Structure formats: structure tokens, C-alpha cells
2 protein chains.
Amino acid sequence: MTIKVGLLGLGTVGTGTAKILLDPAERHPLVKAVEVYRVGVRSLDKTRAVEISPDRLTTDLESIVTDPDVDVVVEVMGGLEPARSLILKAIHSGKHVVTANKAVIARYGDDIFTAANEAGVYVLLEAAVGGGIPVIQPLKQALGVNRIHAVTGIVNGTTNYILTRMQREGGDFEPILADAQRLGYAEADPSADIDGLDAADKIAILASLAFGGRIKLSEVYSEGIRHVSAADIAYADRLGFVIKLLAIARRDTCPVSNEVLDQLQLRVHPTLVPKAHPLASVNDVYNAILVEGDPIGQVMFFGPGAGEGPTASAVVSDVLNIAATLQSQNAVAGSSQNPLMACTHQHYCKVSPMADIVSRFYVRLLARDQPGVIGKIGLCFGQHDVSIESVVQIDMRGVVAEIVVVTHEVREANLQTALDELREYTEIQGVPSVLRVL
Amino acid sequence: MTIKVGLLGLGTVGTGTAKILLDPAERHPLVKAVEVYRVGVRSLDKTRAVEISPDRLTTDLESIVTDPDVDVVVEVMGGLEPARSLILKAIHSGKHVVTANKAVIARYGDDIFTAANEAGVYVLLEAAVGGGIPVIQPLKQALGVNRIHAVTGIVNGTTNYILTRMQREGGDFEPILADAQRLGYAEADPSADIDGLDAADKIAILASLAFGGRIKLSEVYSEGIRHVSAADIAYADRLGFVIKLLAIARRDTCPVSNEVLDQLQLRVHPTLVPKAHPLASVNDVYNAILVEGDPIGQVMFFGPGAGEGPTASAVVSDVLNIAATLQSQNAVAGSSQNPLMACTHQHYCKVSPMADIVSRFYVRLLARDQPGVIGKIGLCFGQHDVSIESVVQIDMRGVVAEIVVVTHEVREANLQTALDELREYTEIQGVPSVLRVL
């Protein structure tokens, strides 16, 4: 039984996908049963890095998603439209769908999975998060027996590359971003990566799987790395931390009773990570996802978060998963969806407002170098229930002292109120950095 | 549709398994569909950490594996017999089997999978390697589309704990082993762990999955950590390495043409790992498995390699996988095995003899402190095509010099011949350590 794939897009990931499927030797035997049946492209004339017979190519993508012979539609074109419409049309035509499109799934996952459940087809998306790292399937299957407490990831390679270089070289953000763009590690318009939006898409998807509910992307707090300075990285280093852009989904607990609440923390922000933490040594463009649950404890998945080969590996693994299911069910009447592959939850997860989230904080202040200034800072924090772990006056710039405060766990709203008050003090010249500490 | 589990064994892992199944809230909804139907134990009178109705307990384990109402037999009793016989009898009775028993699978996997394929049942074993870390299923599924080049693992928690402490404390093997035994991290008879036999079982299983062929356990080279000394760890540290017990399965390549051969390297031995390597920072009882393949590059799985909760998580995830398949097939006629869950390969992998394996080596020699001794060592190595990367005379013990040699990649047989010759030299007092370098 051959499984016929309709491939939408023959860019980087599409090319990688076709390469694997057209060269099945030494791979799982099932790869041989998958045929690249039709390929949708923007232009028929372009030279390709992979050999596809011209009669399989078309610019009419809609004809692929409605082709009665196509079993699985693989969407690797990216972008919101027409990707979203084509995915929905494929589902309505009874096709299974494999997609690498985190942006579409994070925004329109509810429509897509509702349609897929009605049509009785699978929508798989291993490639949407963590490139080649198998994390979606383990979350849906192997880890599903756990009560998940938290999913914490370094899920954006561009920002991790920039932060790693800032750490190693002691350099500032702007020149390293420019160099990353020159080297192809950052896009010409880098905002989706740099501002944490790509990571927000991905943590929304991971949270939905880990906690079995839908997520409104607008409820994911997202803060990028533009404001992380070489000074912060150096101070964090002295204090025993590295700074990473973390995407965090965590079942919230009551700060008083420690009781687990039925709501989630969903946030992306630069974070001080203790050097001994497993995520601290994930460098360069690598991604890693740490899953914490009961009874498993901590499990981490590490690997290349992007790139033609890794992403294509994830895409084809999804295709194989569908092929295996179709083969074993042998298209017999009475067979139904595999509950570990389908997406069945329909309710929306409740998300905690950032103001209520309890975290440790790193704050860098500039103050006039006057006697008693640290005392005044301490008093102000104390009045707002912000308990301080350490205060270090680290550097002098003429008459200005640089003061780094690390707090104990405090409610974010309290910290912000204290900082607003501090900013009014004549002794305080500015608060250049406020970062969360893991 | 309820899936009825017959649990063989209610020790650590069995108890953990029952705990998850009896407390399904906030886990995957499918956990609710699994019933702990019968439990086989050694004694009916023992107090249990988990509440199981007495009428479900029996000491007659055979009655469980032949019970017509049992769908899945979960073997978590450990040991070779009666585990092996009960697994085979369960298969012959048409039961699916989930096992955590690496020793049985590594030795009798061929009989067991042949029987399972004939009976059309699944035998799943996620818990057999890496405790709670999902690695078996990703190897069979998500990574199966890759051409796997190598699987390299820290798969034994006891030895990793001992080596980590030796590294941190600068201590010697024997006292730290004794302390590990006191703390419950090593068994009273520690030889299966310490001599690398447990790791050999596990790499045999991983290799079989990664390379799609059966493995004869006797062909896995296995060398333990008894001879690793505090001195070696200290010298390795100065040279930029940590020493880890690695289990390695690698598609062998021709040292001359670099062509990939149809044979595997299968070996367990203490190894100098560069500090920047992802496996170098896997410490204490944690396990990690690094998979390298085309086109994915490197992917690593990290987590707790043992313990009640993690291992039970893996066991129950296998049960759920079977439950999901049974539910979706709805027991309809005409459905067949899922090729990603079944084990279909029947041929045996060819294994390279250790003498032919090409590796870098670390050699520690004791020599009389005489002029020209390093020259004589260098000449001897050179005569046997052993190319030297560095020679350091590190320490003096009276008139004895301690010399550490790190070689380039050399054929193991050549190195051993050179060392045999060196041992005859009057200047050489001994060769206390020969370790491989990753």
C-alpha cells in the first residue's frame, strides 16, 4: 500500500523532505511506501536541489489539496496565508495533514483541529517546534501519562545564537545581531525571533499539548532580547547565571498554600538561568525543551532547532506515523482515530496574568553614589513586600553607582510598583534592566 | 473499551506503575481506560505502598499470562527466569507485552520478537533503557527516517554517579563505590553496573532499534570502571576531558576510504569525553542518549535513568500506546500490526572486532626518569603506526616519571602491539591505564 504525499512548498524544508522520501535506503522500510506524488511550487522554472519529475510539479496548490489520490498533504510553505486556507481545504477533502507551520497552528489551531476531528483526519506538527528534536510526539504519547508541571524551552535558535555569542565575546546586542544577519543566522527583519514572537508561537503549541487544552496566543506574555546588554550578561555571569531566552509554560500554584491551580503561566522572556541548570549549557543555534512532571521528574530533549535536514526529519517522521496507522488499519471500516495521535481537547486553558506571577528578579539600577542609597532602595522594596536576596554595588561611572539587586520570589506586581516608586527618587538615575531569574 | 492489564511484579517499578494507573486525574484521558486487572506477587501478605484489592492479587503468575480477559501483560519483576518464560507464554496466549527487563530482551529478544510477530502482538520496552527518558519510541518512530550513524549513551546511573563523585571530590573508586552502596545508588553486588554489563544490555537493545537488525549480546565489548583511578580523572581534567562510561553503537567506516561499512562497532568502556561535548555535563545518576544521523545531525535525550516514578512513566506510556492502537483498530478484522510499533527485522548485525576499531587513546605509563625515555616511547609507537598527539611527563614519584600519551586515531590492534612491546622495555615500570578518547 503506497501512501501518496502532496507537498506544498519546495523551499528549504520541502527540499529536505523530498530528499529523504526519494532516497529511502538505510532508513525505516516504511519510507519506501511513501511517494512524493505531487509538489506545489511558486514557479515551475526554478532550478531545484532535488530531482522531481516535472509532471509532478504544479503552481496550482489547491488542486493538490483536493486531489482524490493524495493521502497526506505536507504543508511546508510557511506564512499565514494561503497556508491556513490550504490546510483547512485539505482537511475538508479528507486528507491527513503534516505541517511545520508554527505560526498557523499557534493562531488557528482551534479551527484546524476542530475541522480535523470532524473529518476524522490527523494533523501532525512535529516540525513546528524544536526542528528535528522529537518533542511533540513524546509530549502527546510517552510523557502523557505524567501530570506535567512545566515545559521550559530554548526554542528559538537565532536568539540563542546571539545570546551565546554575547556571553562568549562580551559583546553588545546590536553588532552581534548584525553579524548574525550577515551569517544567515538571523533574518533581514529579525523581529519575529528577537522580540520573542516565534518562541511565543512555539510555547503556545507545547503548552496546549502538555496541559491538554487550547491556548489563546494573545495570552502568552512575550518579551524579547533587544534590551539585554553586555553589562547584564557580565553581572549575571559573576552571580553564577547565564542569560537565555526561555519559553515557559507552567501550571500555576498558589503562592500562599502552594496548591496547584487550574491555570497556566505562559511567558517568553530573557531569564537568568543558574549555570548548573541543564538548559544553561544549551548554546549556539541548538534548542532544548525541558519537561517536568509527576512521576517522571525532569526530562530534556536537545538538538538542532532548525535547518533543512532536521526539520525535514521531523516532517517525514509525521508522514511515516500516518502511513503506519493507515497501513495497520488497512482502511477497514470501523476503525477510528488513534487517541494518542488525534487532538481531542476543546476547552481553553486559563492563563495567569503576569502581574500575579511569582518569580525571582534581577534588577540593575543606576544611582547617585551617595551614602544611604542602598538603604533607601532596600526600604522601598521592603515596603512593597519585595524581599531581597543580594545587593551588589558593582561598578562606578563617575558619580554614578551601578547597583544589582537579586530578589527572592516576589509577586511581579509588587516588584513593578516598587520600581515605579524608585524611579521617582532623586538618587535613582534609571533602571536599565529588569530580568527574571529561573 | 477498557484495556485490562496483568501486572507481573509489585516491586519498585510495579508499584509505580499501579500508582499511575490507579490515579488517572490530570493525565492523558486514555489512562482512565486502563484497568489494573490482576497483579502477580511473590507473597500475598506483604504491606504495599499502593492499594490493590486483595482479590486481584495472586502468586500464580502463570494464571495471569494465560487469563483470557487480560489484554496486556506488564512484566516488571526483573531477572531472567521466570520472566522470560512468562513473557513467551503471554505472547503465545495472544497478549501484548510491556516489559522493563533489559536483561531478558538483550539475551532473548530474538525468540521473543519472533514469537510476537507470529502471534501478531506487540512487545514494547521503553522502560528497559534510560528509565523514564523516551528514547525507544523516538528511535523506532521519529528518528527512523534518518540513516543513523551512531547512538552514544550514558545509560548506567550507578557508574555515572561514581564517576561524577570521583571527578568532583578527586576521590578513588573503591571508597566512593562503598559510599554509593551505603546510599543505595549501588547494589550490594555491584558487578552488573560497575563492569559495564548493564550498559552492554542496553546498548544492544538501542543498536538493534537504531540499525534495524538483531544483536548477539556476546559481541558487545564491555569494559567497566573498576580500573579508572583518581589520577586518570585528574589528568583527563587537565587535558580538557571528563571520564564517562559510554555505551557506543556506531556504523563502522573504512579507516582508509571513510566508506560506511555494513557492520557495527558495539562497545562499552570508560571514555575521555571533551568537556564541551553534550554528554560531558550529564552528571550524577542522570542518563543521556545522543543519536547522530542523516539528515538530523545530533539529538540528545536526557533524564532520570532509573527510579520508581520515571521507570513507571515509561511502562505506562507503552501500555497507553497499545491501548490507543487497540481502541483505534476497534478490534476490527483485517487490521494488522502497526509497522512502527512492531519489531520486524530478523537478520543479525555484523559486528566489528575490537582489534579493528579506530579510536584515539589515552595511555598512562610509569617509566624510569632517564634521558631519552620519551624518545623511546615515541619510537616504539611510531614503529606500530601509532601517531601521537601529545606526550606529557606529568608527575614524579621518586625516580619514576608518570607519562601521559594521547594518540591520534589509531587501530586498536596497533596500539595494543605497541604497548605489549613497551611493557618489555626495562625503562617502563608499568602501563596502569589505557582509555579510549571520544
Degrees between helix A:102-119 axis and first principal axis of chain A (Cα, 0 to 90, nearest 10): 40
Dipole of the protein assembly as shown, positive end: most advanced residue of B:183, B:287, A:283 [Cβ charges, Cα centre]: B:287
For region B:1-84, size of Cβ-based charge dipole, Lys and Arg +1, Asp and Glu -1, in debye: 240
Cα centre as origin, Lys/Arg/Asp/Glu Cβ charges: the protein assembly as shown dipole, Debye: 300
Exam field: residue A:11 pseudo-label spacings to other copies (7 Å along Cα-Cβ), nanometres: 5.4
Peptides B:63-71, A:207-215, A:138-146 ordered by average Cβ neighbours within 10 Å, highest first: A:138-146, A:207-215, B:63-71
For chain A, share of DSSP beta bridges that run antiparallel, in % to the nearest 5: 70
Region A:82-123 shape via C-alpha gyration tensor axes, a/c threshold 1.5: prolate
Exceeding the 19 Å Cα-Cα cut-off - candidates A:244/A:376; B:202/B:244; B:4/B:32: A:244/A:376
Peptides A:417-424, A:195-202 ordered by average Cβ neighbours within 10 Å, highest first: A:195-202, A:417-424
Ranked A:360, A:56, criterion: other C-beta atoms within 10 Å, fewest first: A:56, A:360
Helix axis angle, B:157-169 relative to chain B longest principal axis, alpha carbon, degrees: 40
Alpha-carbon radius of gyration plus Dmax, which is the widest Cα pair, for region B:391-438 in Å: 11.7, 34
Relative packing of A:36-49, A:152-165, B:122-135, which averages over residues the other C-beta atoms within 10 Å, highest first: B:122-135, A:152-165, A:36-49
Convex hull of Cα atoms in region A:190-280, direction-averaged projection (nm²): 7.1
Two-site label geometry, residue B:258 and residue A:413: point separation in nm, points 7 Å out along Cα→Cβ: 6.2
Radius ratio Rg over Rh of region B:141-194, counting only Cα atoms, Kirkwood formula for Rh: 1.20
Cα-based Rg and Dmax for chain B, where Dmax is the largest Cα-Cα distance (Å): 24.3, 82
Other protein chain Cβ atoms within 10 Å, averaged over every residue that makes up A:141-153: 6
Table column - 3J(HN,Hα) (Hz), region B:422-438, Karplus curve with 6.51, -1.76, 1.60, x for Gly and Pro: 4, 4, 7, 5, 5, 6, 8, 8, x, 10, x, 9, 10, 10, 8, 10, 6
Electrostatic dipole magnitude of region B:357-437 [Cβ: Lys, Arg +1; Asp, Glu -1; Cα centre; debye, to 20]: 120
Largest-first principal axis extents, alpha carbons of region A:110-210, Å: 50, 28, 20
Per-residue average of Cβ from other chains inside 10 Å of A:310-321: 5
Dipole of chain A [Lys/Arg +1, Asp/Glu -1 at C-beta], most positive-end residue of A:305, A:381, A:146: A:146
Chain B: angle of helix B:197-211 to the longest principal axis, Cα-based, in degrees nearest 10: 70
Within 10 Å of each Cβ in A:338-345, the average number of Cβ atoms from other chains: 4
Considering only the protein assembly as shown, percent of DSSP beta bridges that pair antiparallel, nearest 5: 70
Copy-to-copy label separations for residue A:32, where each label sits 7 Å from Cα toward Cβ, in nm and ascending: 4.4
Top positive-direction residue, dipole computed over chain A with Cβ charges, set A:158, A:28, A:8: A:28
Calculated P(r) tail over 22 Å for region B:26-101, as whole % of Cα pairs: 26
Region B:215-249 residues near the modelled residue B:179 label - backbone nitrogen below 19 Å, point 7 Å along Cα→Cβ: B:225-235, B:237, B:243-245
Global geometry of region B:287-357, whether rounded, prolate or oblate, following the gyration tensor of its Cα atoms and the 1.5 cut on a/c: oblate
Per-selection Kirkwood Rh - region B:357-437 (Cα, Å, 1 d.p.): 12.4
Calculated label separations, residue A:294, copies of the chain, 7 Å along the beta-carbon direction, nm: 4.7
Globularity index of the protein assembly as shown, i.e. its alpha-carbon radius of gyration over 2.2 N^0.38 Å: 1.00
Calculated [θ] (222 nm, deg cm²/dmol) that DSSP helices of n ≥ 4 give over chain A, each run adding -39,500 (n - 2.57): -10000 deg cm²/dmol
Alpha-carbon centroids, region B:183-202 and region A:343-413: separation in whole Å: 47
Span per principal axis, largest first, for the Cα atoms of region B:136-304 (Å): 44, 33, 27
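Each reported figure results from applying straightforward, stated rules to the coordinates on display, with no laboratory input. Keep in mind it's a predicted model, so treat the numbers as computed, not measured. Don't worry about glycine lacking a Cβ; one is built from the backbone with ideal geometry, like all the others, and counts go over all protein chains shown.
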